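Trainee: If you scroll down you'll find the structure; I have some questions about it.
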Amino acid sequence: MSTILENKTTKSHTDNGLFPSNDVMLDLKKLKKVYPTPKGDYVVLEDLNLQIKKEEFVTIIGHSGCGKTTMLSMIAGLNPISGGNISVLGKYIKGPGPDRGVIFQAPSLMPWMTSLQNVLLGVNKVFPHATKGERHDIAKYYLQKVGLEGAFIKKASELSQGMQQRVGIARAFAIKPKVLLLDEPFGMLDSLTRGELQDILIEIWNKEKITAVMITHDVDEAIFLADRVVMMTSGPKAKIGDILNIDFERPRTRKAVLEHDDYYKYRKHLIDFLEH
């Protein structure tokens with residue numbers, strides 16, 4: 001497959017020359033989002049087509065206001081679809097569901113609850129038939145994975161922003177979603193914490209192999225984490241403008257990525273797209 005994937009298909013995903021349907025985890029077809037305004041309809045997204053394979057990590061970049069977060073919230077089932085459809089493993093989505101876990105920029109934890117209780121909120125809903133002990137084990141396992149084994153009983157309000165985001169990551173992985181959606185989860189963090197959490201995220205993802213879709217403004221983050229970087233055109237009527245395959249082996253280290261011959265070629269490609 002070429003490094004640049006044209007986005008012109010209108011056929012079904014079994015014969016469109018992209019991925020066969022049994023490889024596709026997330027399929028966005030002719031997606032449209034319209035907001036009515038006093039001056040007429042404002043079209044945020046139009047004719048947006050994107051297929052994401054099982055176990056693939058895709059990052060999405062584009063200018064502010066191009067509809068990245070709108071698209072992600074539609075995939076999450078939190079924002080109604082104006083046209084087209086979204087399917088997970090061939091089934092159309094009809095609102096939020098445990099098959100899609102979301103990590104937001106702000107962790108949106110219950111401040112009066114402990115780290116453990118916050119993670120258990122999702123675990124209890126998704127695994128109602130498990131014993132209390134089993135559900136606690138799941139929540140503790142993922143909190144340990146994000147480095148919070150000493151903070152199980154700390155209230156969310158007592159945690160730093162970086163630690164709150166760790167709870168958010170643990171909570172999302174703990175419900176065992178088919179698709180993990182990340183909306184600039186490290187955007188509000190300092191660069192050191194950001195780097196630590198990128199490493200934690202990719203370490204858990206390497207083990208769990210959950211299909212992941214992440215919005216970022218950071219070109220280096222997009223390259224370091226992704227199998228493919230999807231570039232969105234500027235709105236209104238935003239769609240997929242270009243797709244770049246990132247051919248670095250996994251598992252990756254930051255050092256190996258930075259020293260790779262193709263790193264700056266990839267970086268230039270993305271920056272050139274954003275500057276046009």
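Trainee: Return the pairs, sorted by first residue and then second, in which the second residue is assigned to a loop (DSSP other than H, G, I, E, B) and crowded, with 21+ Cβ neighbours inside 10 Å, the first residue lies in the stretch 65-80 and is basic (Lys, Arg), the beta carbons are less than 8 Å apart, and the residues are 6+ apart or on different chains.
Mentor: As it stands, the answer is 68/62, since those pairs meet every condition given.
Trainee: Within the stretch 45-93, restricting attention to residues that are of a type in the set (S, T, N, Q) and within 13 Å of the chain's Cα centre (by Cα), which residue is nearest to residue 125 (Cα to Cα)?
Mentor: Among residues in the stretch 45-93 that are of a type in the set (S, T, N, Q) and within 13 Å of the chain's Cα centre (by Cα), the one nearest to residue 125 (Cα to Cα) is 73.
Trainee: Please name all residue pairs, on different chains or six or more residues apart, with Cβ atoms under 6 Å, provided the first residue is in the stretch 245-267 and is within 21 Å of residue 203 (Cα to Cα) and without any contact (Cβ under 8 Å) to a residue 12 or more places away in the chain and the second residue is in a helix (DSSP H, G or I) and aliphatic (A, V, I, L, M).
Mentor: Matching pairs, first to second residue: none at all.
Trainee: Looking only at the stretch 204-217, which residues are over 12 Å from the mean Cα position of the chain (by Cα) and touching a residue at least 12 places away in the same chain (Cβ under 8 Å)?
Mentor: 204, 206, 208, 209, 217
Trainee: Can I ask one more? Quick one: which residue in 81, 60 is of a type in the set (Val, Ile, Thr) and in a loop (DSSP other than H, G, I, E, B)?
Mentor: 81
Trainee: If you don't mind, there's one more thing I want to ask. Among the residues in the stretch 47-59, are any closer than 29 Å to residue 271 by Cβ, of a type in the set (Asp, Glu) and modelled with pLDDT under 95?
Mentor: yes
Trainee: What are the pairs with Cβ atoms under 6 angstrom where one residue, in the stretch 153-167, is more than 9 Å from residue 114 (Cβ to Cβ) and the other, located anywhere, is among the hydroxyl-bearing types (Ser, Thr, Tyr) and assigned to a helix (DSSP H, G or I)? Sequence gap at least six, or different chains.
Mentor: Note: pairs meeting the criteria are 162/193; 167/115.
Trainee: Hey, another quick one. Step by step: first the residues of the stretch 242-259, then only those that are surrounded by 15 or more Cβ atoms within 10 Å (Cβ to Cβ) and part of a loop (DSSP other than H, G, I, E, B), then the one that is modelled with the highest pLDDT. Which residue is that?
Mentor: Here the residue is 246.
Trainee: Moving on. Could you list, in sequence order, the residues of the stretch 238-276 that are in contact with a Gly (Cβ under 9 Å, 6 or more places away or on another chain) and aromatic (Phe, Trp, Tyr)?
Mentor: 273
Trainee: If you scan the stretch 228-241, which residues turn out to be modelled with pLDDT of 95 or more and either farther than 18 Å from residue 45 by Cβ or surrounded by fewer than 19 Cβ atoms within 10 Å (Cβ to Cβ) (or both)?
Mentor: The answer is 228, 229.
Trainee: Still on this structure: Considering every residue within the stretch 94-104, establish whether at least one is surrounded by fewer than 22 Cβ atoms within 10 Å (Cβ to Cβ), within 23 Å of the chain's Cα centre (by Cα) and either polar (S, T, N, Q) or not in a loop (DSSP other than H, G, I, E, B) (or both).
Mentor: Within the stretch 94-104, none of the residues are surrounded by fewer than 22 Cβ atoms within 10 Å (Cβ to Cβ), within 23 Å of the chain's Cα centre (by Cα) and either polar (S, T, N, Q) or not in a loop (DSSP other than H, G, I, E, B) (or both).
The values are calculated or read from the model by the stated rules, or taken from the named source; none is laboratory data. Note that the structure is predicted; figures quoted are calculated from it, not measured. Ideal geometry is used to build each Cβ from the backbone, glycine not excepted, and the neighbour counts take in all protein chains shown.
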